[in-house]
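Only one structure is covered here, and it is reproduced in the block below.
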Amino acid sequence: MDVVIGIDTGTTATKGIAAGPGGEVRAQVSVHYPLSVPGPGRAELDPEHLIAAAVKALTDVAARCRERGDRVIAIGLSAFLHGLVPMDGDGRPLGPLVTWADGRAAEQCERIVASGRARGLQARTGTPVHPMSPLAKLTWWNENDPETLRGTPRWGGVKELIVAALAGGPFRVDLSLASGMGLYDIHGRGWDDEALQLAGVRHRQLAEVVATTERLALRPEVASAAGIGGSVPLIIGAADGPLANLGVGAVPPGVAAVSLGTSGALRTVVDRPAGAEDGRLFCYALTEKHWVVGGAVNNAGSVVRWAGEAFAAGFERPGADGEDADERDAALLEEAAGIAAGSEGLICLPYLLGERAPWWRPGLRGAYLGLRREHRRPHLVRAAVEGVCQQLALVRDSFTTPVTEVRATGGAVASRLWVEVLAAALDLPVSIADTPEGTALGACLLARHALGELPDLDQAASLTAVGSSVTPRAEDAALYRRMRPLVERSALAVLDVVAELDRLAPKPLPATEKAVPGSSHTGGPR
């Protein structure tokens, strides 16, 4: 069978799959690496780990293809958004890669918002002004280490890093990753002068922006190591979020994709750059004619994991190992499913890690409202699940186009409670995507599109299988609809209170700055 390999570089692992012409997954591998937290609010990766993982994933999947007698006809790339790494003139890393989860630039974002410039920047670039974005990170560097900022030959993200390692040649980034940097004018199709002035970088320090269907060639040594012919094209691909929509078939009008893992997101595809006028939604490219509009939330499955650690010490499900966190979380969710919708008048604001969409407020903090003596652990857990799903519903409420179908993926959707609450909060049927690696499959499908084998990306909906649909209970949907304005009012009302609490709380001791584990980098920009 002729297959396409998809390589998806994520925050904790690089995944590789081989997919046939019908989207069937023929082989898959994962290569894991550690996330470094060298200080409060920091989150970094060793770029050498990412390069090595991409090469290993490609090599291992190609080997499995040969074992099956499959022929590799193309390779497609996916990468997570908002990373930032300093590089030399040839694209080799000069320091750690700062991930989307790094919060060092919170103060810089607050000042940009206070200056009144944030709304215009987001309208032009599609990226909210938030510590996650490369614009914010570079602004932090511009204020804290301007000499290093200006003296670094190249600044880029994950895709620029991987492309330089696998293909070499000119310094390039795809339109999709560029549209998530907060530096690129998605309407004028060029680097935004105001954003670059804030960031303190020049055009020549950034990559050339190319189409997500751009064909590249593997370095001879990479092709040889992977056992792949030198004529097999490397398709530069897109970002993980837009490719996740493609990988679950959420491309036609009215179809939305929901990701529910440690964090969450809800996205839909439109035919031109767009977004909410109130700045609630991002807009990132899939192709020049397909743009993904939506919002990501910081807190999803991580909230139930926290609840297990905070509320369930010694909790064991009969016949299960009480020390196993996944089994413990599943038992907690099963217990919470016995509580009626609304958690008997309890609201959870699940902002343990601040929040992104729809308000893009990193300073938000979590809370329970309406807590009474009658409430027990199952109420607290169910309210946490409801809080996350209500947040995703607030994202959907910001859409300017109707959503009629939802396709969900991620580890949390293995729980019936999560899917039922999500369906009721959105008041829409929710289907579970059968593809375990939707983002990598999206990279494969986009590569086939680049080859001309999938001319209409809407066809992806028929190539990606979904399981049975969960229909919302009408009474639950009506209750969540009445409660949702209370969630938004509560979240915004406590902003001043949580800001004061943050000022009163003891500051964490700074961690000793050190190299990322396994990295040769002992210095360089941080």
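The values are calculated or read from the model by the stated rules, or taken from the named source; none is laboratory data. Just so it is clear, the model here is predicted, and its values are computed rather than measured. Cβ sites come from the backbone with ideal geometry, for glycine too, and all protein chains shown count toward neighbours. Side chains are part of the model used for accessible areas, which takes the heavy atoms of the whole protein and leaves out ligands, DNA and RNA. Shrake-Rupley method; radii C 1.70, N 1.55, O 1.52, S 1.80 Å.
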**OP:** Post the alpha-carbon centroid distance, region 384-399 to region 114-165, in whole angstrom.
**Re:** 28 Å
Original post:
Label point 7 Å out from Glu288 along Cα-to-Cβ: which residues of region 201-241 have amide N under 12 Å?
Top reply: 210-214
Original post:
Under a point-charge model restricted to the Cβ atoms of Lys and Arg (+1) and Asp and Glu (-1), what is the dipole moment magnitude of region 78-154 relative to its Cα centre, in debye to the nearest 20?
Top reply: 320 debye
Original post:
What are the lysines whose alpha-carbon lies under 29 Å from the alpha-carbon of Lys159, with same-chain residues fewer than 8 places away excluded?
Top reply: Lys15, Lys56, Lys137, Lys289, Lys514
Original post:
Hey, got the dipole for the chain? About the Cα centre, +1 on K and R Cβ, -1 on D and E Cβ, debye to the nearest 20?
Top reply: 560 debye
Subject >> ³J(HN,Hα), Karplus 6.51/-1.76/1.60, whole Hz, each residue of region 201-206, x for Gly, Pro >> reply: 10, 10, 3, 5, 7, 10
**OP:** Using only protein heavy atoms and a 1.4 Å probe, report how much of Glu208 is accessible, in Å² to the nearest 10.
**Re:** 100 Å²
Original post:
Using a 1.4 Å probe on the protein chains only, how many percent of the accessible area of the chain belongs to carbon and sulfur?
Top reply: 52 percent
Subject >> Interchain or long-range residues, amide H under 5 Å from Ala27's placed H >> reply: Ala18
Original post:
In Å, the Kirkwood hydrodynamic radius of region 53-136 over pairs of distinct alpha carbons?
Top reply: 16.1 Å
Original post:
Dipole of region 310-464, Cα-centred, from +1 at each Lys and Arg C-beta and -1 at each Asp and Glu C-beta, to the nearest 20 debye?
Top reply: 680 debye
Original post:
Using modelled backbone amide H atoms (1.01 Å from N, in-plane), which distant-in-sequence or interchain residues come within less than 5 Å of Asp185's amide H?
Top reply: Gly190, Trp191, Asp192
Original post:
Can you list the trypsin sites (Lys or Arg not before Pro) in region 337-391 that are in a DSSP coil and have 16 or fewer other beta carbons within 10 angstrom?
Top reply: Arg372, Arg373, Arg376
Subject >> Span-like helix ranges in the chain, DSSP H, alpha carbon extent 18 angstrom or more, Kyte mean at least -0.5 >> reply: 47-68, 377-397, 438-451, 474-493
Original post:
Hey, how many Å between the Cα centroid of region 70-85 and the Cα centroid of region 21-64?
Top reply: 10 Å
Subject >> Surface per residue (accessible, 1.4 Å probe) for the chain, Å² >> reply: 39 Å²
Original post:
Quick one: Karplus J couplings for region 251-265, per residue in order, coefficients 6.51, -1.76, 1.60, θ = phi - 60°, nearest Hz, x for Gly and Pro?
Top reply: 10, x, x, x, 9, 10, 10, 10, 9, 10, x, 4, 10, x, 6
Original post:
Residues in region 365-397 near a label at Glu110, defined as backbone nitrogen under 18 Å from the 7 Å Cα→Cβ point?
Top reply: 365-366
Original post:
Of Ala167, Ser115, Thr99, whose Cα points farthest to the positive end of the dipole of region 50-184 (charges on the beta-carbon: +1 Lys, Arg; -1 Asp, Glu; origin at the Cα centre)?
Top reply: Ala167
Original post:
Where both residues lie in the chain, what percent of DSSP beta bridges are antiparallel, nearest 5?
Top reply: 70 percent
Original post:
For region 228-382, how big is Rg over Rh, using alpha carbon atoms and the Kirkwood form of Rh?
Top reply: 1.09
Original post:
What is the set of long-range amide H partners of Glu288 at a cut-off below 5 Å, with H atoms built 1.01 Å from backbone N?
Top reply: Thr212
Original post:
Stretch Ala414-Asp278 to full length: gain in nm at 0.36 nm per residue minus the Cα-Cα span?
Top reply: 45.6 nm
Original post:
If you take the charge dipole of the chain about its Cα centre, with +1 on Lys and Arg Cβ and -1 on Asp and Glu Cβ, which of Gly295, Thr148, Ile51 is farthest toward its positive end?
Top reply: Thr148
**OP:** Roll a 1.4 Å probe over the protein heavy atoms and report the accessible area of His203 in Å², nearest 10.
**Re:** 90 Å²
**OP:** Would you mind computing, in nm to one decimal, how far apart the modelled labels at Ala340 and Leu495 are, each placed 7 Å from Cα along Cα→Cβ?
**Re:** 3.5 nm
Original post:
Between Asp324 and Arg215, what length in nm is gained on full extension when 0.36 nm per residue of separation is reduced by their alpha carbon distance?
Top reply: 34.8 nm
Original post:
Roughly what would the spin-label model give for Arg119 and Thr400, points 7 Å off Cα along C-beta, in nm?
Top reply: 1.4 nm
**OP:** Select from Ala341, Cys444, Leu206 the residue farthest towards the positive end of the dipole of the chain; place +1 on Cβ of Lys and Arg, -1 on Cβ of Asp and Glu, and compute about the Cα centre.
**Re:** Leu206
Original post:
Given the Cα-Cα distance of Ala63 and Ser469 and 0.36 nm per residue of separation, how much length would full extension add, in nm?
Top reply: 142.5 nm
**OP:** Provide the FRET efficiency to the nearest 0.05 for the Leu369-Arg150 pair, computing r from the beta carbons and using R0 = 41 Å.
**Re:** 0.30
Subject >> Relative contact order of the chain, defined on C-alpha pairs under 8 angstrom at six or more residues apart (%) >> reply: 17 percent
